[in-house]
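First the structure, in the form of C-alpha cells, and then the observations on it.
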Amino acid sequence: MQTDWIDELRRLLPESTFTDAETLAAHSGDKWHAAALPQAVLKARCTEEVAAAMRLASRYGVPVTPRGAGVGYVGGCVPSRGGLVISTMSMNRILEVNPADGVAVVQPGVLTADLQEAAAAVGWFYPPDPASRRESSIGGNIATNAGGPRCLKYGVTRSYVLGLEVVLADGRVLSCGGRTHKNKQGFDLVGLFCGSEGMLGIITAATLRLIPAPQARAALRACFPRFAYAAQAVQDVLQAGHLPCAIEITDAFTLRAARAYLGADALPAAAEGHIIIEVDGRADAVAREQEEIAELLRAAGGVDVVSATTEDEVEQIWQLRREFSYSLKATGLTKLNEDIVIPRSRLVDLVEFCASLERETGIPVACFGHSGDGNIHTNIMVPKDAQGQDIRPPADALVHRLFDWVLAHGGSITGEHGIGLAKAPWFPTAIGPVALSVHRALKQALDPQGLLNPGKMGL
C-alpha cells in the first residue's frame, strides 16, 4: 500500500500520529488469538481529529480499524488489512452527568466502571455491566451492544443509548438521537450503530440514559444435585412472577474445577448445578422477594442456599462467580470462550449436548453464564500437546458442531462478543441470505469504499 498518506497524516496531526513498532504492536489485536500490524495509529483526542483522519483515509483509500480498549474476544479490532488504526481511548472524559434529565454525556474512551461510579455518586445508575467493565470502554460497548448479568431485568447497552455523535467513512460528522428519552424523528439511526462493530462509523460521543439507583440489593446462591434441577429453578423463579436483575447458572464440570481450585469446602461435593440470583429495588420489597426466592430454590431441590443482604456479602457471592473463570484456567487447558444464546427452555438440552461432545471427543465443554436471558458461555477446554501447544483442530471442529446445534435449536452464535473475524464464517448461515443482503446494502450505503473495519462479519 502507498505510504504517502502516512506522511500527510503526520503533517496534519503530528501529536496524535504514531508509527513506532511498540505502538503498532499494542494496537494489533485483542484477546482473540489473531493479530495484524497496522501501518499507523492515530490516538485521537477529539472528534475533529477523527473526522480529519477519515477524510484523508477516504481520499487515499486507506483501510481504517476503529479501536476502543481492545479487550474483545472475536478479533473485532484486529487491523486485518493493515492501514490505519484510530484509537478513541484518549477521548475519555465524562462531559456531563445530569440527574434532572436522566442522562450522561461521555466520550467513547470512558471506561464503563468509571461511568457507573460517576452516576452512583449522584444517586443514579447506569445498568449495563459487562464482566470487563473496569477495562472496557463505552465506545466498544456500544459497537458490540455489550451485555452482562443484569440484562435479564435491565437490557443491553442499546437500551441506554439516547444519542450518538458518529464520524462517517467520508469524514462527515453525524448527530443522531438526542437527550430526550423518547424520540421518533425518522429512522432509528442510533440503533443502527449499536452493535455495528465499527463498520458503519466511528463513535465520538454518546448521550446515555441513567435511571435512579435501586435503594437495596440482595443476592442468593444455591447448589443442586443435578443441573436439570438448577435449570428448572430458573423457570420456577420467573414463573412465580419474579424478575431478578441477574440469574447465573453453572454446570458440573465448572463446579469440579472450582472445588479443585478453591478447595473442597468451597462447594458441596455432590453439586452438579449452581445458581446465583441478584434482586434489587426498594428495601422492603427486596427483603420479601429474597425470602420467596429462597423458598423456591429449596423447593426445586436446592441445597446450601445462602442469602446475602449487605454489600460485602453480595460481593462475596459474585466473587465466587468470578472465581469460576479462574478455576477453568487453573485446569491447565486453554479456555475457548463462546458466548452463544439459546431459548431458556433449552438449557438442559445444551448442557447434555456439550456432555455428549466430551464423551465423544474427550474435550470438556464447560457451561456457565446468564441463564435468565439464555446467554450461556460455553467454554471449549482445549488440550495441549507434549510441547505445551494448544491442539486446536479438534477444538475448532467442536465449535462448528456447537454453532450448528445452537442455530438448529433457535439460538444465536453470539450474545455479547460480536462477530468480528472469529465468527465471520458462520455469519451468513446465522442470519440468512435476505438479512445478509440488507447488511451489505447498509455497508455499501455508508461506506462505499469498504474502508471501515474491513473483513469483519465477512462483509
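Quick note: the coordinates plus some simple rules give every number you see, no bench work behind them. If you're wondering where the values come from, they're calculated on a predicted model, not measured in any experiment. Glycine also receives a Cβ, built like all others from the backbone with ideal geometry; neighbour counts cover every protein chain displayed.
Just to confirm my numbers, what's the Cα centroid distance between the stretch 169-236 and the stretch 307-360 in Å?
That distance is 22 Å.
What's the magnitude of the charge dipole for the chain around its Cα centre, counting Lys and Arg as +1 and Asp and Glu as -1 at the beta-carbon? Answer in Debye, nearest 20.
For this selection, approximately 980 debye.
Give me, ordered by chain and number, the residues 5 or more places off HIS409 or on other chains with an amide H under 5 Å from its own placed amide H.
HN-HN under 5 Å from HIS409: empty list.
Which one, CYS46, ALA206, GLY83, is farthest towards the positive end of the dipole of the chain when Lys and Arg carry +1 and Asp and Glu -1 on their Cβ?
Checking the options against the dipole of the chain, the answer is GLY83.
Counting alpha carbon pairs within less than 8 Å and at least 6 residues apart, what relative contact order, in whole percent, applies to the stretch 94-212?
For the stretch 94-212, the relative contact order is 32 percent.
Can you run phi through the Karplus equation (6.51, -1.76, 1.60; θ = phi - 60°) for the stretch 166-176 and list ³J(HN,Hα) in whole Hz, with x for Gly and Pro?
9, 8, 7, 4, 8, x, 5, 9, 9, 10, 9
Do the sum for the chain: with -39,500 (n - 2.57) for every DSSP H run of n ≥ 4, divided by all residues, what is the mean residue ellipticity at 222 nm, to the nearest 500 deg cm²/dmol?
It lands at -11000 deg cm²/dmol.
Among SER307, PRO383, LEU320, whose Cα projects farthest towards the positive end of the dipole of the stretch 291-405, with charges put on the beta-carbon of Lys, Arg (+1) and Asp, Glu (-1)?
Working it through, the farthest residue towards the positive pole turns out to be PRO383.
For the stretch 16-52 and the stretch 82-135, write down the distance between their C-alpha centroids in whole Å.
Going from one Cα centre to the other spans 21 Å.
Taking the Cα centre of the stretch 332-416 as origin, work out the dipole magnitude from +1 charges on Lys and Arg Cβ and -1 charges on Asp and Glu Cβ, in debye rounded to 20.
Charge dipole of the stretch 332-416: 100 debye, to the nearest 20.
Multiply the residue gap between ALA216 and ALA270 by 0.36 nm, knock off their C-alpha separation, and tell me the result in nm, one decimal place.
Using 0.36 nm per residue and subtracting the Cα-Cα distance, I get 16.1 nm.
What distance in nm separates the two pseudo spin-label positions at ASN183 and ALA121, each 7 Å out from Cα along the beta-carbon direction?
So the label points at ASN183 and ALA121 sit 2.5 nm apart.
Quick check on the stretch 94-212: take the gyration tensor over C-alpha atoms, sort the square-rooted eigenvalues as a ≥ b ≥ c, and tell me if it's rounded (a/c under 1.5), prolate or oblate.
Cα axes put the stretch 94-212 in the prolate bin.
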